Each structure stands twice: as C-alpha cells, then as structure tokens.
Amino acid sequence: MRLSFIRAVLPVILFLALTVPATTFNKLEVDTESIEALVDKMLQKSDLGSISSELASKPSPGNTKDLLIRLSIFGRAGQRSRSHSTLLQLAKANDRNSSPYASYSFNVAQNAIDKDDFEGRKLFYENIALAGDDNVRGFVELWKERNEIAELEKWLEIRALQYDTWWDAWLGLKRDLGTAAEVYDEMEQKIRQDPSDHYLVKKYLRAIASEMICSMPPCSPSYKRSISWLAEVVPTDSAYGAYDLAITVRHQNSELAAKLLEKSLSLPYGEEDATLFTERAFRYASVPPVVKNPEKQLRYWTKKALAEIYFSSKRPHLAQPLTEDLTAMDTSDIQKDDVFRLAGLTQAASGQRVIEERIIQDEAQKKDSPFYWIDRAKYYQGRNERELEWQTYKDALPLFPCKYNGPDAEQKRWHLLFAMSLNVHENYEEDVNTILRNEFKLCADNKQYLFLVGRIVTNDRNDLRDELFANTELLPNLLESKSKWKREEKYLVEIVMESEAWEPKRRDAVWNKLSELAMKSVVNRAFSLAEAMMSISEYKRAAPLLEMCRKIAPEIYDQDHNFTREDVERNLFAAYIEIGDWRKAEKMFHEGFNYWGNDLSEIAVTAAKSGDIVDAVRIWKINANLDRRKLDGIEELAKTGAKPMLTEFYLKMKNEDPLSYVPDIALGYLN
C-alpha cells in the first residue's frame with residue numbers, strides 16, 4: 001500500500017505517535033487509509049522491540065483502533081502469545097460495532113497471525129473472520145496434522161451451519177473420513193421436504209459434482225449417487241426452471257438433462273420465466289449483456305444444449321431438426337453461440353445436407369457479412385470437409401478489400417482473416433501464411449488494418465513473425481499510426497521484440513525508434529511500451545520511460561491515462577532492482593513506496609550483490625524493524641559478507657526478546 005496519502009500530516013502524526021501513550025491514539029484526528037500505514041510510519045522512526053515492550057507494559061485499551069495498532073505491532077515482532085491475547089481483546093472491544101477502524105480488523109488480524117500459527121488462526125476464525133478466508137484449506141490441513149480429527153470435525157460442523165466456506169471444508173473432511181454419504185442423505189431429505197429451495201438444490205448438486213475430482217475410495221462411491229429423483233421432486237413447471245435444472249445436472253446425468261430440456265421446450269414462456277431469466281441467466285457475469293428477446297434467448301440455449309446431448313449420445317436424427325432451427329434463427333436480438341459447427345457435426349452423422357442447402361441459398365442476401373462466411377466455413381469444419389471450408393474463406397476474402405469500401409470494411413476483412421487463421425486445417429497453414437504475408441503488400445497504405453493483421457501473425461506464427469518483423473522497421477511503422485498504445489500494442493511489442501531472430505544492432509535501433517515515438521506522447525504511449533520492455537527483461541530501457549510517466553501519473557485511472565502512480569512505481573521499483581540501482585530503489589521507498597511486500601529485503605540483497613555490505617545490513621535492519629517476519633532474501637545475504645553482522649543482529653534480538661520466534665528462524669538460515 002502506498003503512503004502518500006498522509007504526507008501532508010506526517011510530521012504531526014509522527015510527533016504524536018511517539019510522544020503520547022498508546023491509549024490515546026484513538027483521539028488523534030488522522031485521515032489515514034489503514035492501521036498498517038500508520039504503524040509503518042511509526043516504525044520508520046522507532047524501534048519495534050521497544051514499542052512492543054512499551055505497549056505490553058500498559059493496561060490493555062478497550063477501543064478498536066488502539067487494539068489494532070497493538071495487534072499489528074505484536075504480529076510484526078513475532079510475539080505470538082501477545083498477538084493471541086490482543087486478538088481476543090479486539091473481539092470484545094467496546095466500540096467494535098461503531099469504530100471507523102473496525103473495517104480494518106480483518107486485514108490487520110490476517111497480517112498479524114501467521115499461516116502456520118495454529119492457535120492464532122483458530123482464534124482468528126472464531127473471533128474475526130467468522131466466514132473464513134482464502135487460507136481455510138491450509139488451516140484445515142494444519143489442524144489435521146495434529147491428529148485431532150474428532151475435534152476438527154465438530155468445530156467445522158458448527159460453522160458449516162452458517163457459512164458455505166466452512167461447509168465445503170467440513171464436507172471435504174467427511175469425504176476423507178468416508179462419511180460424506182450421511183451429508184448427502186440429509187440434504188436429499190431436506191430437498192424432498194422443501195423442493196422449492198433452489199439454493200439447497202444447487203448446493204447439493206455442486207457437492208455431488210465435486211466428487212468427480214475424487215478418484216480413490218472412500219469418496220468415489222458418493223459420485224455414483226442417482227440424482228434422477230430430482231426431476232420428480234424439484235419444481236420444473238416453468239420453461240426456465242426446467243432449463244436451469246437441466247443445465248445444472250447435464251454433466252452428471254445427460255439423460256435426465258435431455259428430458260428436462262424437452263420439457264422446457266414444451267412449456268410456454270410466462271411471467272415466472274421472465275423473472276427467473278432476469279435473476280439467473282447471467283448471474284455469474286461481471287457485466288451482464290443486454291438481451292432484447294429473453295424468450296428467444298432461452299429457446300436458443302435450450303435447443304443448443306439438447307442438440308449437443310443428442311449428438312454426444314449418438315442420436316443425430318434427434319439433433320438434426322434442432323440444428324436446423326438454430327441455424328435458421330435470427331440472432332440479431334440475442335447472444336449468439338457457435339451453432340454452425342454443431343450443425344455440421346450433426347449432419348455429418350445424419351447424412352443430411354438440409355442446412356447446407358439453406359446456407360448456400362442465403363448467400364445472395366447475406367454475402368456482405370463476414371459472419372455469414374465464417375458460419376458457413378464452420379459448418380464445413382463440423383462436417384470435416386476441410387477443402388470446402390478453405391474454399392469458403394477464399395471465396396469470401398475478395399468481397400472485403402482492405403482499402404476503404406464502406407463502413408467497417410477493414411474490420412470485416414480482419415474478422416475473416418482471424419477466423420481463417422484459427423480454424424482452417426493444418427494442411428492449409430502455408431496458404432494462410434501466404435495470404436497474411438501478401439496483406440502487407442496489398443494493404444500497405446492502411447497501417448491501422450495492418451496492425452490488426454500483425455496481431456494475427458504474432459499469434460503462434462513465429463516463422464512468419466520473424467520474416468516480417470525481425471530486423472525490419474515494420475513494428476515502429478505500424479505503431480506510429482496508433483495515437484494511443486494500450487494492451488494490444490503492448491502485446492505486439494512483446495511478441496515481436498522477444499524473437500531470437502533479431503540482429504543486436506537492428507534490435508537496438510528499433511528499440512530506440514519505439515522509445516522516440518513513445519516520448520513524443522508520454523501520456524498515451526510510454527507506459528505501455530515500458531510494460532512491454534519489463535516483460536522481456538529490458539529493464540534499463542524501461543526505467544527512463546517509467547521515470548517520465550511517474551511525473552504525470554494520476555492517483556486513479558482517468559480518461560487520459562491508462563496507468564496510475566501505483567502502476568508506474570511498481571514497475572519502476574522492479575526495474576531499479578533488476579538493474580542493480582539499489583540507491584534509487586531505496587529513495588523510492590523513503591518517498592512513500594511500500595506495497596506490504598519484500599521491497600526492503602530486495603533492496604538489501606541488491607546492495608549486497610553490488611558489494612555495498614554495510615548498506616545492505618543497514619537496509620535489512622530497517623526491513624526487520626518494520627516486520628521481523630519478512631525473511632525473504634536472508635538466504636542470499638547469508639552467502640555474502642553480511643552474514644557475520646546479521647548473525648550478531650539476530651543473536652542480540654533473541655537475547656532481548658525471548659517471546660519472538662523470529663530470531664531462531666533467521667539464525668537457522670544464517671547458519
């Protein structure tokens with residue numbers, strides 16, 4: 001986390017933090033983003049061991065903010081017993097539900113309690129993270145190592161009643177013990193009692209489906225449980241309800257799914273279906289698409305799923321009429337899937353060519369759409385008639401010239417080329433390469449379009465990439481036409497410049513040209529180029545660009561920037577470390593750069609590798625004072641001249657702070 005947000009009031013914060021008792025911290029009017037940020041600043045000026053001892057000597061405060069500060073301090077000091085008692089006090093804080101700092105409880109506690117600290121993690125889950133976190137599985141394994149299975153099962157079962165995270169962990173343990181069947185029995189009984197409980201049905205099916213990952217006894221028999229009874233119990237008297245259950249069970253029982261899909265198609269679409277569609281159709285989509293015709297969308301999905309089941313179960317004669325309907329459907333008001341390949345597969349098995357005849361008849365009306373030709377080619381792909389597939393693309397391409405010829409003409413041609421490059425049979429790969437190669441001659445004046453073609457070329461066509469781009473100025477020529485360089489431009493630079501076909505001098509010349517272009521519009525180009533450089537280890541080239549970006553970087557994204565100060569600084573810090581400029585990296589740290597990671601340890605290791613041993617030890621001690629537990633890099637330092645000084649440092653720490661487990665760990669690395 002970056003600390004620039006408190007720079008303006010830093011002198012006041014530091015003075016008060018170091019001169020007033022810990023119990024008065026909550027009285028400070030500090031606009032702070034987090035407890036950790038405040039503690040970071042405290043520890044940059046004071047000794048961690050001294051502060052932890054001072055806090056432990058005072059009566060425990062009753063408010064959330066002070067307790068969080070203590071918890072962070074004790075956690076960083078490696079004093080687990082003090083962290084545990086503070087965690088319990090935090091759970092009983094008199095302002096736990098009203099303090100503005102209460103929202104930091106989870107993160108501070110999670111950082112303070114080590115993942116291998118069983119007692120601490122148990123207290124954390126019992127008092128702070130009641131619903132669990134991303135380390136639940138690790139905690140369960142930690143407990144299992146203690147051979148306290150009965151206690152673990154009882155503990156999980158209590159929490160499983162309230163939170164799915166713990167329910168999943170509990171069920172996993174039951175599987176390991178071979179007793180998961182009793183859980184499924186109970187769920188089935190509850191579903192029969194209340195079959196309208198959609199959430200319970202989904203939970204049950206998810207649990208049964210998860211058995212698929214278990215291939216060894218005792219859990220494998222559970223996967224073989226019959227779920228056919230669901231169709232008789234669960235309400236499927238609406239078109240969407242029947243469809244939804246079918247999709248849920250299709251991979252476990254395709255025959256049941258087929259019956260439910262057939263039922264869905266036989267039912268009218270009513271108000272209940274409209275409601276269910278709105279609630280469930282795109283429930284997992286981060287940005288749900290707009291569907292103008294929900295009823296048609298449901299029928300489209302249903303027919304496609306049913307056709308797939310019929311085809312996979314070797315009943316192409318039943319899939320045939322469905323694929324005919326799907327390929328004839330107007331999809332302008334719904335979300336479209338790839339049904340033409342499915343149609344080709346079906347008709348190849350059924351021996352019919354009804355859909356092909358209609359596709360050919362549609363040419364006169366639809367030939368101006370590249371998607372018509374792509375669907376036609378996919379139909380032949382499904383039939384495994386590769387020559388006809390290839391001929392389809394060849395017939396279509398001249399209809400969409402790369403020079404301007406109406407709205408989106410170049411985009412239409414690109415869609416065709418892209419589909420061709422992905423789908424045609426390997427026998428035609430050289431033909432595709434020839435077409436792509438010629439595009440750079442036929443469309444030489446259309447740099448925007450050729451940029452798109454370049455992205456196709458660099459998609460696993462390394463020989464063609466090297467032929468066209470390596471040791472030429474094609475890349476800067478294409479990028480010069482782009483006013484803003486974003487993700488696609490970044491990818492093109494990466495893939496082209498990482499080629500081993502470059503001659504060193506020509507590569508340098510192209511890098512210099514790209515840098516010149518970027519500096520002409522730093523706000524629009526420089527950061528994307530710098531990111532590309534970083535990804536292929538061109539750290540020295542990236543650093544100057546990032547330094548320029550840092551001067552203009554906003555705190556948050558806006559319409560003029562595709563980067564923030566945090567984005568720039570993260571990359572710039574990494575660049576300094578990679579090129580061995582530890583002094584600039586340390587300067588960044590003291591200017592407010594801190595991502596709650598191993599920044600200082602990286603600086604220390606870099607300094608040691610540069611021969612600056614005294615500075616390396618100095619920086620490592622700053623690192624240890626911020627958080628003793630950050631030991632990444634100590635093994636590397638142990639191989640340098642820093643070893644004796646660090647050994648002395650941790651021996652002294654061990655003597656002065658017997659409550660901390662960290663010195664023993666560190667000395668183990670050093671010895």
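Here are the numbers:
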quantity	calculated
Pick from the range 268-307, criterion without any contact (Cβ under 8 Å) to a residue 24 or more places away in the chain and polar (S, T, N, Q), ranking: surrounded by the fewest Cβ atoms within 10 Å (Cβ to Cβ)	Ser286
Unique residue being more than 28 Å from the chain's Cα centre (by Cα), buried (at least 24 other Cβ atoms within 10 Å of the Cβ) and at pLDDT 95 or above when the list is Leu637, Leu545	Leu637
Pick from the range 96-125, criterion acidic (Asp, Glu) and surrounded by 15 or more Cβ atoms within 10 Å (Cβ to Cβ), ranking: nearest to Ile69 (Cα to Cα)	Asp114
Residue in the range 643-650 that is part of a loop (DSSP other than H, G, I, E, B) and of a type in the set (A, V, I, L, M, F, W, C) present	no
Test: residue in the range 328-342 that is modelled with pLDDT of 95 or more, surrounded by 14 or more Cβ atoms within 10 Å (Cβ to Cβ) and touching an Asp or Glu at 6+ places or on another chain (Cβ under 6 Å)	yes
Out of Glu648, Glu656, sole residue that is more than 14 Å from Asp599 (Cα to Cα), out of contact with any helix residue (DSSP H, G or I) (no Cβ under 9 Å at 6 or more places or on another chain) and in the same structural domain as Ala604 (by TED's automatic domain parsing)	Glu648
Exclusive hit being under 31 Å from the mean Cα position of the chain (by Cα) and either aliphatic (A, V, I, L, M) or not assigned by TED's automatic domain parsing to the domain that holds Arg80 (or both), set Lys190, Lys174, Lys122	Lys174
Any hit, the range 476-495, residues being aromatic (Phe, Trp, Tyr), under 17 Å from Asp508 (Cα atoms) and surrounded by 15 or more Cβ atoms within 10 Å (Cβ to Cβ)	no
Within the range 75-95, tally of residues that are farther than 14 Å from Lys65 by Cβ, touching a helix residue (DSSP H, G or I) at 6+ places or on another chain (Cβ under 8 Å) and not hydroxyl-bearing (Ser, Thr, Tyr)	11
When residues of the range 308-320 are limited to those that are within 33 Å of the chain's Cα centre (by Cα) and of a type outside the set (Ser, Thr, Tyr), the one surrounded by the most Cβ atoms within 10 Å (Cβ to Cβ)	Glu308
Residue match in the range 341-363 (condition: closer than 16 Å to His415 by Cα and over 37 Å from the mean Cα position of the chain (by Cα))	no
Condition met for Asn438 (out of contact with any Gly (no Cβ under 6 Å at 6 or more places or on another chain), without any contact (Cβ under 8 Å) to a residue 12 or more places away in the chain, polar (S, T, N, Q) and loosely packed, with under 14 Cβ neighbours inside 10 Å)	yes
Breaking point among (1) surrounded by fewer than 16 Cβ atoms within 10 Å (Cβ to Cβ); (2) closer than 16 Å to Leu422 by Cβ; (3) at pLDDT 95 or above, for Asp460	(3)
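The values are calculated or read from the model by the stated rules, or taken from the named source; none is laboratory data. Everything quoted here is computed from the prediction, not taken from an experiment. Using ideal geometry, Cβ is built from the backbone for each residue, glycine included, and neighbour counts are taken over all protein chains shown.
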